[in-house]
Amino acid sequence: MSISIPENKKISPFLVFFVVQKMQFGIGILGFQRIIAKNAGHDAWISIILVGIGVHIVLWALFKMLETVNGDMISIHTFVFGKIVSKIFGIFFILYYLLLTVTVIRTYVEIIQVWMFTDLATFWFSLVLLSVVVYIIFGGFRTVTGMAFFGIVLPFYVFALFLFTLPYAEFNNLLPILDHSISDILLGSKNMSLTVLGFESLLIFYPFIKDPKKSKKWAHLAVFSTTMICLYLAILTFAYFPENQLQKNIWPTLTMWKIIMMPFVERFEYIGIANWCLIILPNASIALWCSSRIVKRLFSIKQRTTVPILAIICLIATSFLFTRKQVNLLSDMVGQVGFYLNFIYFPLLLVATLIAKKVKKNEVGS
Amino acid sequence: MKIPFKKKNTEKEALVKVLSKSNDYRHLHFTNEKTKVEFYLTFIASLTDEKIIHKEALPYLLHGELYHLDDVPELIPIAETEISTNAKDIENKLFNGNVLVQVVGNEEQLCFFSAQREVGRNIGIPEVEFSVIGPKEAFVESMKQNLNLVRKKIPVKELIIEELTIGKVSKTKVAIIYLEEITNQENVNTVRQRLQDIDIDGITDSSFIVQIISDNQNSPFPQILDTERPDRVTAGIIEGKVAIIVDGSPHALIGPTTLVELFSSFEDYFLNWIVSSFFRLIRLFAVTFSILVTPIYVATLSYHYELIPRDLLSALVASRRAIPFPPILEALFLELTIELLREAGARLPTKVGQTIGIVGGIVIGTASVEAGLTSNVLLIIIALAALASFTTPVYRMGNTIRLLRFPFLLFAELWGLVGIVLSFCIMLTHLIRLTSLGRPYLEPLYPPRGQDMKDALVRLSFKNQAKRPVFLRSKQPARLNERDAKQKQDIDE
């Protein structure tokens, strides 16, 4: 069962690069260094490479499944488990993407509250953010992709600015290599998962790609570039912070910006945080779009009605997370779910899909 | 059998009854000297040229061999004549400057000849889109002349001019112009369909049409380019765009267009590509600067003064020490003053307008700094921003930029730099969603098309302009033989 999307609503294959990378690259990047270094210490960069390789494998599995059924996640589930089970799984994914939206928005609000405006009203600010998200989604998937595109291209200069830390970097921090146990490094990899999460949204927007075969290389390139950026940031961070000091910084990326000094600008983290708005908006839009898209696929409700409703649910959820602990709990939870989903569930689903395909083929054959 | 005849007659009578209320309605009786045939001339004096009637029509009608109405077209040396029996034509023809000839005894048959009076100014130099180099002619109000200006520049049979009439009362003539072999038919159909769908009583200018046929009428951004330069219109048509010329309007319309095109001046094509690319980048910078600089001033001084290095901060603080207002009020006060000056300047005759500029700019500016109402740093910033906003080559776009600054200011006051980025995101989303005649407005930035970047933020040399823009989906994408253009000779050959 393939889903027909009007040709003019589809996106070119190379734009998949931006959507996939955008989903991976969001709020996690501001603070992943501390989390991965918790277990793996300065060897955590090996964890990043391991995760990168893992993501490539999972991505391959996703494409394999999608090609088998030529549809989206719902078609895969229906193909393997039948209609009723697929609905249950679908509802789980709706919740998952809602949680992702809430995490992204709430964490961003949290960062602004810590670094810029201590008494920023969570409700009002989230209201504006979510209204913009709804406005973006109302423009269709092409607009969502467009924001993803600008969300990567425009703030890209930020990465060059990290080089300002080089004069203070102590690359000896990285030595000796491999003085942590393999299990520690693997634990670091697991902790890394929230940062690289999100590429599985491919399962939802796959029918929106023109000529999906061509998009494969772009998706892999996107995943590769995310790994490279994380690696680049992690190495600079580990060189910049001594290991113990790193554990005291919740958002090491932001702390690193503090060192940037130009004749007309100091304290660059203000500009950086403001800029991050451009990065998290498409992020939240893709997640909320995915959520509403699944609702449409499952219950045939118009996205025009679901998007505002889901946004209001997100708004309520965001406003009820008050403390740092709660936000942390939420992002940990999403990270855990994402980890098991991506690295355990999807490979199993691939096996199930292949078996189902064989069985159905045999049935047709006999 | 008699009823339709009678009905026709009463229709005519009703028309004559209404027409004779107007003083410029003429219904004159003449007799041919040779054949003694009596005839009537009917016309609207204000629309017809009396010279044509007196010199080119009457002598022949009075002294020639006029027996029947059918002889009229042969007698008079006027090309545009028509014989008809349809009484419905009368109103339409008379109001287009035609003269009606009727021979007594055979009133059912009508002969029209054209004696239109040509009033209007001569072709002048472009005033809104002035360029130092290049052609110096601009469109005028007469559609005939404007079409002539375009046709002269593209003397091929493929240039199609379709004419429509829009407006129940104004009966405005509108022409759609395109090249048959090049323009995408879908674009032409869109334009034609939208023009035909217009249901309005009167159109007095092409700006009415711009607003009515735009894809999103609730957007401050102009989605169709309007220009007074015939060369720009011809260039657009050759590129594969559709042009619209409206009778009575000195501005032609070109569509589909893109945001980037609205920031390009036609002079860019007259200058060397390196120079014009530089100018384009400057303009782009100017626009960004003009929109963002005041909001950034408000954001940094209200919330993030840590951003500014200590030496610079002390200069800023010193200039603001005596000022009793928060930065937002200060900025709003000055921005509104500048807007007032512009508005006053635009409404006044040129000579008085200049005085207003001097009075406003120098006197109010200096006085408000001396009175301690605004800081001189902000005065510099706002004056620069106003100057920068004048660099937009398309007037409509300039107006949009004037307006855009205010939402940015508001958001900057609310949430500082985050607010500025947030409003930027809203603007960006709006731009991504916009289309011009169904084509993406932000192209080639999004959807990203490397090929079209040749004439976007920079303008590359003509050698690199071998292809028509992708978004126009032209039937004939190649403009020139790319291989020949790119071929290079070896050294010493």
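Bear in mind these aren't lab numbers, they're just calculated from the coordinates by the rules spelled out. Because the structure is a prediction, the values reported are computed rather than measured. Glycine also receives a Cβ, built like all others from the backbone with ideal geometry; neighbour counts cover every protein chain displayed.
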Overall form of segment B:369-411 per C-alpha gyration tensor (a/c, 1.5; a/b vs b/c): oblate
Footprinting exposure proxy for B:Y60, B:Y441, B:Y395 (fewest neighbouring C-beta atoms within 10 Å first): B:Y395, B:Y60, B:Y441
Show which lysines lie in cross-link reach of B:K136 when reach means a straight Cα distance below 23 angstrom and same-chain residues fewer than eight apart are skipped. B:K144, B:K152, B:K153, B:K241
Within segment B:249-284, backbone nitrogen closer than 13 Å to the virtual label 7 Å beyond the Cα of B:I238 toward Cβ: B:269-270
What value does segment A:308-366 have for Rg/Rh, both radii from Cα atoms and Rh as Kirkwood defines it? 1.33
How compact is segment A:213-366 by the rule of thumb for globular proteins, expressed as Cα Rg over 2.2 N^0.38 Å? 1.46
Which parts of segment B:25-43 would a label at B:Y67 reach, counting a residue when its backbone N lies under 15 Å from a point 7 Å out along Cα-to-Cβ? B:34-38
With N residues in segment B:289-365, Rg(alpha-carbon) / (2.2 N^0.38 Å) equals 1.37
For helix B:185-197, report the angle its Cα long axis makes with the longest principal axis of the Cα atoms of chain B; keep it between 0 and 90° and round to the nearest 10°. 70 degrees
Do the sum for the protein assembly as shown: with -39,500 (n - 2.57) for every DSSP H run of n ≥ 4, divided by all residues, what is the mean residue ellipticity at 222 nm, to the nearest 500 deg cm²/dmol? -18000 deg cm²/dmol
With a point put 7 Å past each Cα toward its Cβ, work out how far B:A79 is from B:E339 in nm, to one decimal. 5.3 nm
FRET efficiency for B:L410 and A:Y168, Cβ-Cβ distance as r, R0 = 56 Å, nearest 0.05? 0.90
Test item: Cα-centred dipole of chain B, Lys/Arg +1 and Asp/Glu -1 on Cβ, debye: 640 debye
Using only the Cα atoms of segment A:124-251, what do you get for the radius of gyration and for Dmax, in Å? 18.9, 52
For B:I358 and B:F270, compute 0.36 nm times the residue count separating them, minus their Cα-Cα distance, and round to one decimal in nm. 28.4 nm
For A:K9, counting only lysines whose alpha-carbon sits under 17 Å away and dropping same-chain residues fewer than eight positions off, the answer is A:K210, A:K296, A:K302
So what are the three principal axis dimensions of segment B:143-257 from its Cα atoms, in whole Å, longest to shortest? 35, 27, 23
Which ordering of A:W276, B:W273, A:W251 is given by a fewest-first count of other beta-carbon atoms within 10 Å? B:W273, A:W251, A:W276
For segment A:12-347, what is the per residue volume of the convex hull drawn over the alpha-carbon atoms, in cubic angstrom? 128 Å³
Calculate, in whole percent, how much of the Cα-Cα pair population of segment A:149-204 lies beyond 18 Å. 66 percent
Note to self: C-alpha centroids of segment A:31-74 and segment A:215-238 sit apart, in Å, by 11 Å
How long is the protein assembly as shown along each principal axis, judged by its Cα atoms, biggest number first, in Å? 123, 93, 72
Using the scaling law 2.2 N^0.38 Å as the reference, what is the normalised Cα Rg of chain B? 1.30
Rounded to the nearest Å, what's the spacing between the alpha carbon centres of segment B:180-255 and segment B:435-480? Just the number, please. 19 Å
A:L186 and A:F92 label points (each 7 Å along its Cα→Cβ direction) are spaced in nm at 2.3 nm
Kindly state, to the nearest 0.05, the FRET efficiency for A:V158 paired with B:R121, given R0 = 60 Å and r defined as their beta-carbon distance. 0.60
In square nanometres, what is the average projected area of the Cα convex hull of segment B:15-114? 5.7 nm²
With +1 at each Lys and Arg Cβ and -1 at each Asp and Glu Cβ, the charge dipole magnitude of the protein assembly as shown around its Cα centre, to the nearest 20 debye, comes out at 2500 debye
In which sequence would B:D199, B:D231 go, from the one with the fewest C-beta neighbours within 10 Å to the one with the most? B:D199, B:D231
Trypsin sites (Lys or Arg not before Pro) restricted to segment B:164-212 and DSSP loop, no more than 12 other C-beta within 10 Å: B:K168
Using only the alpha carbons of segment A:27-172, determine the length spanned along each of the three principal axes and report them from longest to shortest in whole angstroms. 58, 41, 29
Spherically averaged projected area of segment A:71-141 from its Cα convex hull (nm²): 6.2 nm²
Given charges of +1 on the Cβ of Lys and Arg and -1 on the Cβ of Asp and Glu, with all other atoms neutral, how large is the dipole of segment B:143-257 about its Cα centre, in debye to the nearest 20? 380 debye
Given the Cα-Cα distance of B:E108 and B:D492 and 0.36 nm per residue of separation, how much length would full extension add, in nm? 130.0 nm
So which aspartates and glutamates can B:K171 reach, going by Cα to Cα under 14 Å and dropping same-chain residues fewer than 8 places off? B:E91, B:E163, B:D199, B:D201, B:D205, B:D247
Radius of gyration, Dmax [segment B:280-439; alpha carbons; angstrom]: 16.8, 54
Surface/4 of the Cα convex hull for segment A:39-107, nm²: 6.6 nm²
Label-point gap, in nm, between B:Y395 and A:W115 - each point 7 angstrom along Cα→Cβ: 4.6 nm
